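Engineer: Sending over a structure as structure tokens; questions will come in a sec.
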Amino acid sequence: MCNIDELFAMLSWNNTEEIQQKGIESAREVKSLCVFFRPNRKDIWENCAKVLCERSDDELRPYIKNMLEWLEDINDPGATLIEERLHKFPAEKILEHYTHALEKAILTDDNMWTGCLAEFAKDDSVLFDNLSNDHRQLVMDILTSPEKDHREKLIKIIKDREAQSNEKAKRDMENYISKVGDNLNDEQRAFLRRLVQG
């Protein structure tokens, strides 16, 4: 196997198809896939995407976040290949990563990435159906009004989610105190109640 610099030189679109294919074949031996995620040379991105798309779900699972980031500009070399490969994952395997990516795209005001991610969800009915009601509505809003700033709506969604999470944590603590209350002294009970009340 050649070293990574030699491999990248072979993967360049400036080479013949034959040399590029040899590079792709050599890349199959590389175990650490992180080197293929949009390296500093755009002339190899398309072939890096081909290398990644050949890998199994298990091999790619740790890199779903990186794959979604490749969709920041669907016109970038390799982006459509990565998008197609992402669609082959079961929706539940990418749902959390997708939601985080969509929120990041909106909060950073990256309209192109936001639009690409909304289109991605529209094209994957299982993923779309598994999104929360708020995120489904957000995707629809992005698709129907791409020029609109969706940050305010997302911030409200995040605040509501945090409030629900805090309420659940309080309920869980109250349940815990009820279950173990007989085993606690007054000081311990008071301490736990202070935690619950914040």
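Engineer: About the Cα centre, and with charges only on the beta carbon of Lys, Arg (+1) and Asp, Glu (-1), how big is the dipole of the chain? Nearest 20 debye, please.
Structural biologist: For the chain, the charge dipole is close to 780 debye.
Engineer: Could you list, in their original order, any pairs among 65/122; 65/170; 88/148; 50/104; 42/88 whose Cα atoms are separated by more than 28 Å?
Structural biologist: Beyond 28 Å: 65/170; 88/148.
Engineer: Please compute the contact order of the chain in relative form: average sequence separation of alpha-carbon pairs under 8 Å and at least six residues apart, divided by the residue count, as a percent.
Structural biologist: Dividing the mean separation by the residue count of the chain yields 12 percent.
Engineer: In debye, nearest 20: dipole of region 94-198 around its Cα centre with unit charges on the Cβ of K, R (+) and D, E (-)?
Structural biologist: Dipole about the Cα centre, nearest 20: 460 debye.
Engineer: Can you tell which of 150, 23, 40 lies farthest toward the positive end of the dipole of the chain, using +1 and -1 charges on the Cβ of basic and acidic side chains (Lys, Arg; Asp, Glu)?
Structural biologist: Sorting the options by dipole projection puts first 150.
Engineer: For a test of the definition: using alpha carbon positions, the gyration tensor, and the 1.5 limit on a/c, classify region 1-54 as rounded, prolate or oblate.
Structural biologist: In terms of gyration-tensor shape, rounded.
Engineer: Let me ask something else about it. From the residues 105, 166, 52, which one has its Cα farthest along the dipole of the chain in the positive direction, the dipole being from +1 and -1 charges on Cβ of Lys/Arg and Asp/Glu about the Cα centre?
Structural biologist: It is 166, whose Cα lies furthest towards the positive end.
Each value in this text was obtained by applying a stated rule to the coordinates, not by laboratory testing. Computed from a prediction, not measured in an experiment: that's the story for all the values here. Glycine also receives a Cβ, built like all others from the backbone with ideal geometry; neighbour counts cover every protein chain displayed.
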